[in-house]
Amino acid sequence: MTEATNTPLTRAEKRQARRIRRFDNPWRNPKLIWGIGLLLGIILLGIIGRILWNLDLVFTGSATLKLPPVGFENLRRQEGVWDYPLGTDGSGRDILALIIIGAPNSLFVGLLASLIGMSTGIFLGFTAGFVGGRVDDVIRVISDVMITIPPLLILVVFQSSFGDVSLTLMALLIAGFVWQSPTRLIRAQVLSMKQSGYVQMARLSGASTGHIMFREMMPNLVPYLFGSFIANVTTSIVTAVGLEVLGLGPQRIPTLGRTIYEAINAGALIQNLWWWWGIPTLLLAVMFIGLLLINLGLDEVSNPRLRKLS
Amino acid sequence: MLDDVTPKKPVLTMADISIEFPTPRGVVQAVKNLNLTIHKGRRVGFIGESGSGKTTTALSVMQMLAEPGRVSTGTIDLGGTDILALNEEEMRKTRLSRVAYIPQGAMNSLNPIMRIEPQLWDAILAHEPGTPRADLKSRSDAAISSVGLPLHVGQLYPHELSGGMKQRVCIALGIILTPELIIADEPTSALDVVTQRQVMQTLNEIQAKIGSGLILIGHDMGLMAQSVDELAVLKDGELVEHGTVKQIIESPKHPYTQDLISSVPLVGGDSFLNPDKQANAPRRDSTQPLLRFEGVSKKYGAVTALHPMSFTLQGDTPQIISIVGQSGSGKSTMGSIMLGFNPPTTGHVLFEGHDLQRMSGTQSLEFRKNVQAVFQDPYACFNPFYRVNHALKFPFKQFGLSQGDKHTQQAMEEACVAVGLDPDLVLSRYPHQLSGGQRQRLIVARALMLSPKLLIADEPVSMVDASLRASILSNIYDLKDKYGISILYITHDLATAYHVSDYVMVLFKGHVVEAGPPKAVIGDPQHPYTQLLIDSIPWPDLQRAWGHGGANWDPSEQEAQAMKVGAVYRGDVEGFDLVRA
């Protein structure tokens, strides 16, 4: 190839060049930025809400029952009031206060479960890929068996026997079902990287196993780990919400799933109390779209072939 | 210029073609104002380094430029059709039926889950829908037999065929619609010399039979000399020289062409090395031989890659021992056994009297420090995450050679200069910013910095551009000559082995078939297998024709004969004892 020509650019070419510059700096990826923005929005809702809003409104009976959001009427022709801008639920709790506490809680469970699952997966995946032999067989069989077990089934049994659980315990239980796929993914990558030229070079350089694992291989796994982490956060949140909607999980701490469970239980669908179940669902949707966008964005960052020029 | 061309209507006329790629740093001109005419039945070679625009030019004829590349000026005329004016559907119909492309590494372009025959039928049906089955069958049979394959190949899956056979299937696929022009993009780059010669013969025969034009893209002047009529030399997107092969090889005008021709090493020709002085081997504390194989063999399941072999390399005087053979001869297996990456099935490998498989931690570090390697693939040898100096700095510190960061930096810079690299330009770059040649030199610089006693060079130049091979080999040779490092040079290239080595072993299916000093083994081969290898080298010399075996040259007969003849030993050199089987 030759060096670029120095002729002045036309306007169309300049626009093209700007597009290409965006192409050149992969982190300026619109999907990634939007995804991060949506999740930050939920975290900010939690932080700012705690400062500005009266959180005592999450307790039962702290407000009038079944008030609609501002600008709407409920079946009793009651108008929404600014004291409870998103309305109240069937036992007089403020929806805004519920989501200020509940939304970050749901995100927290997802992040924590995924973090624990990933750490386990990294450890087991590296061990299986690197040590090989009997150890590899054992790890592979366990993770393959675990992958076939439907997590919700087991968790329902677990949680019903535990009764009330804390958010952390819930995250731990879910983490027990999200380590398998990172383990398999990392094992496969480690197996192929073990044969690569630079790992052989490192072995020739007298590098220790630890050095090869963490200094040579790990940095190249980062895009995979990120992608897998985000996918796991999504899975963990879905699992957590699934359990909460069934009435399991933490009983005394507001979460989005639990709010939906109570709405369904109280017949909110028939009574047209759409804000009760609708607003938490909307927030969950925002959360999932955010995670999906981050995942797609990271995919494009780590795989330039997916990036579009236009 | 080409007065010996019969004035027929040309198959392809490229007039004033420029191809550009918009990139973040402005528009890159990949091809500049190229003019070229290809006549019916002529074979034209495009030769140049990687990045010279030869593949890009050929792809523009197919309208298959990678995004965002585009033809910015000029016209392409294929037998009266203006290619650039065709729309997508018209172009689809033109591809394969009028211009066929045999891509690089075509062996991977076959669908792994389809038998060969339906893949050939697909090609016909895409252009002539509704062709009756009997017709399809007879045409695919004709195509298969025309490339010299038995008919039952049509019923096989791609994985059941060898590399050379797959390549021929791809040729059959290319010619099944008798196109006016065939473009073959390095069709033999993944094949060894013997298969390369067979495949090129098949391609040339069939092209002559259907009378189409042929563009052969490559970087091997020898292969070009043996297979094309005209040569187009490309450099940085410009056509620097165009003429008949005879004109170009005998009196190249452009200095770049002269470079390309002189960079091909010849057996018996002038050496590209200048062995001015002999360095002494680094002083050794051990009286034991440097490397010793004791009945070493390797089996992979039922396949024996290496039959029991014993030799001793004393290492008191620096030597280069070459191990030569085709792919599958067991030469790379030998290399990885020597490095201790691969335990032998039987026997022992001893380094200064210690068994590689039973070394203590400190012995193992000492072994690593003293036995280094240069691998085939310079692209894979650097961790893409780090700047390239990581690969040099890390082992230097690991082996306790460094006396502080300043000393390390100085050692790195000296090593770079010694292999002809500018340390300021390369050391702080990332691997993808360097060319293959620069990377391979850095690996040589790395070996130099560590000054091991033994270097194992496994095909060190086979993935580097032809024009750089000689200079990288002379860098490696300098390791022996100036720094006293013994080298085991593993290669399939007999011409370079002839020049660099003190002793040559020819491997065939895991056996040593001929061994001795290179002047005897390669200069005057006695074993039928060595003769076969020498015959298969494409020489950049029109007098020394490839085809003296005629069109029906068949290596299998010679191979069968080679199986029967025992090993031939052609003399010894001091310091290296091969135990005769």
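The values are calculated or read from the model by the stated rules, or taken from the named source; none is laboratory data. The model shown is predicted, which means the values in this text are computed figures rather than measured ones. Neighbour counts run over all protein chains shown; Cβ positions are idealised from the backbone, glycine included. All accessible areas refer to the heavy atoms of the entire protein, side chains included, with ligands and DNA or RNA removed. Shrake-Rupley method; radii C 1.70, N 1.55, O 1.52, S 1.80 Å.
Here is how the numbers come out for the structure above:
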{"item": "Scope segment B:462-475; condition among the hydrophobic types (A, V, I, L, M, F, W, C) and open to solvent by 10 Å² or more (accessible area, probe 1.4 Å); matching residues", "result": "B:M463, B:A466, B:L468, B:A470"}
{"item": "Odd one out for B:G404 among (1) more than 14 Å from every other protein chain (Cβ to nearest Cβ); (2) small (G, A, S); (3) in contact (Cβ under 8 Å) with a residue 24 or more places away in the chain; (4) under 23 Å from B:K369 (Cα atoms)", "result": "(3)"}
{"item": "Count - residues of segment B:10-25 that are within 7 Å of another protein chain (Cβ to nearest Cβ) and surrounded by fewer than 18 Cβ atoms within 10 Å (Cβ to Cβ)", "result": "3"}
{"item": "Selection from segment B:42-66 of residues that are assigned to a loop (DSSP other than H, G, I, E, B), touching a helix residue (DSSP H, G or I) at 6+ places or on another chain (Cβ under 7 Å) and open to solvent by 10 Å² or more (accessible area, probe 1.4 Å)", "result": "B:E49, B:Q63, B:L65"}
{"item": "Some residue of segment A:96-113 being open to solvent by less than 50 Å² (accessible area, probe 1.4 Å), free of Cβ contacts under 8 Å to residues at least 60 places away in the same chain, under 30 Å from B:A380 (Cβ atoms) and of a type in the set (V, I, T)", "result": "no"}
{"item": "Residue pairs meeting the criteria (Cβ under 6 Å; at least 6 apart or on separate chains; first assigned by TED's automatic domain parsing to the domain that holds B:D493 and over 19 Å from B:K246 (Cα atoms), in segment B:529-553; second aromatic (F, W, Y) and at pLDDT 80 or above)", "result": "B:Y529/B:F508"}
{"item": "Test: residue in segment B:409-427 that is more than 9 Å from chain A (Cβ to nearest Cβ), surrounded by 19 or more Cβ atoms within 10 Å (Cβ to Cβ) and not hydrophobic (A, V, I, L, M, F, W, C)", "result": "no"}
{"item": "Cross-chain or 6+ apart pairs with Cβ under 6 Å, segment A:179-191 first and polar (S, T, N, Q), then assigned to a helix (DSSP H, G or I) and open to solvent by 50 Å² or more (accessible area, probe 1.4 Å)", "result": "A:Q180/A:I147"}
{"item": "Pick from segment B:372-397, criterion within 7 Å of another protein chain (Cβ to nearest Cβ) and free of Cβ contacts under 8 Å to residues at least 24 places away in the same chain, ranking: surrounded by the fewest Cβ atoms within 10 Å (Cβ to Cβ)", "result": "B:F385"}
{"item": "Near pairs, Cβ below 9 angstrom, 6+ apart or cross-chain, from segment A:199-212 (at the interface with another protein chain (Cβ under 8 Å from one of its Cβ atoms)) to any residue that is of a type in the set (G, A, S) and buried (at least 22 other Cβ atoms within 10 Å of the Cβ)", "result": "A:Q200/B:A373; A:M201/B:A373; A:M201/B:A391; A:A202/B:A391; A:L204/B:A373; A:S205/B:A391"}
{"item": "Selected residue [more than 18 Å from A:S143 (Cα to Cα), in contact with a helix residue (DSSP H, G or I) (Cβ under 8 Å, 6 or more places away or on another chain) and at pLDDT below 90] from A:G206, A:G197", "result": "A:G206"}
{"item": "Search result, residues across segment A:245-259 that are buried (at least 17 other Cβ atoms within 10 Å of the Cβ) and either free of Cβ contacts under 8 Å to residues at least 40 places away in the same chain or within 11 Å of the chain's Cα centre (by Cα) (or both)", "result": "A:V245"}
{"item": "Residues satisfying the stated conditions in segment B:334-360, i.e. in a helix (DSSP H, G or I) and either open to solvent by 20 Å² or more (accessible area, probe 1.4 Å) or farther than 30 Å from B:S536 by Cβ (or both)", "result": "B:S336, B:L356, B:Q357, B:R358"}
{"item": "Number of positions in segment B:181-209 that are of a type in the set (D, E) and either in the same structural domain as B:Y529 (by TED's automatic domain parsing) or farther than 30 Å from B:T37 by Cβ (or both)", "result": "1"}
{"item": "All positions within segment A:180-207 that are touching a Gly at 6+ places or on another chain (Cβ under 8 Å) and open to solvent by less than 10 Å² (accessible area, probe 1.4 Å)", "result": "A:Q180, A:P182, A:T183, A:I186, A:V190"}
{"item": "Counted residues, segment B:447-478 - those being outside any loop (DSSP other than H, G, I, E, B) and farther than 10 Å from B:V419 by Cα", "result": "15"}
{"item": "Qualifying residue in segment B:67-89 (condition: away from every other protein chain (no Cβ under 14 Å), part of a loop (DSSP other than H, G, I, E, B) and more than 24 Å from B:A208 (Cβ to Cβ))", "result": "yes"}
{"item": "Selection from segment B:514-536 of residues that are closer than 13 Å to B:A497 by Cβ and either open to solvent by less than 20 Å² (accessible area, probe 1.4 Å) or part of a helix (DSSP H, G or I) (or both)", "result": "B:E514, B:A515, B:G516, B:P518, B:K519, B:A520, B:V521, B:I522, B:T530, B:L533, B:I534"}
{"item": "First in segment A:269-283 and closer than 19 Å to A:G92 by Cβ, second anywhere and open to solvent by 60 Å² or more (accessible area, probe 1.4 Å) and not in a helix (DSSP H, G or I), Cβ under 8 Å, 6 or more apart", "result": "A:Q271/A:L75; A:N272/A:L75; A:W275/A:F72; A:W277/A:L269"}
{"item": "Positions within segment B:88-100 being open to solvent by 50 Å² or more (accessible area, probe 1.4 Å) and in contact with a strand residue (DSSP E or B) (Cβ under 8 Å, 6 or more places away or on another chain), in sequence order", "result": "B:R98"}
{"item": "Residue that is nearest to A:F214 (Cα to Cα) [pool: residues in segment A:123-150 that are of a type in the set (A, V, I, L, M, F, W, C) and either open to solvent by less than 20 Å² (accessible area, probe 1.4 Å) or in contact with a helix residue (DSSP H, G or I) (Cβ under 7 Å, 6 or more places away or on another chain) (or both)]", "result": "A:F126"}
{"item": "Single residue of B:G268, B:G243 found to be in contact with a Phe, Trp or Tyr (Cβ under 8 Å, 6 or more places away or on another chain) and either modelled with pLDDT of 85 or more or outside the structural domain of B:G41 (by TED's automatic domain parsing) (or both)", "result": "B:G268"}
{"item": "Residue in segment A:177-192 that is within 14 Å of another protein chain (Cβ to nearest Cβ), basic (K, R) and part of a helix (DSSP H, G or I) present", "result": "no"}
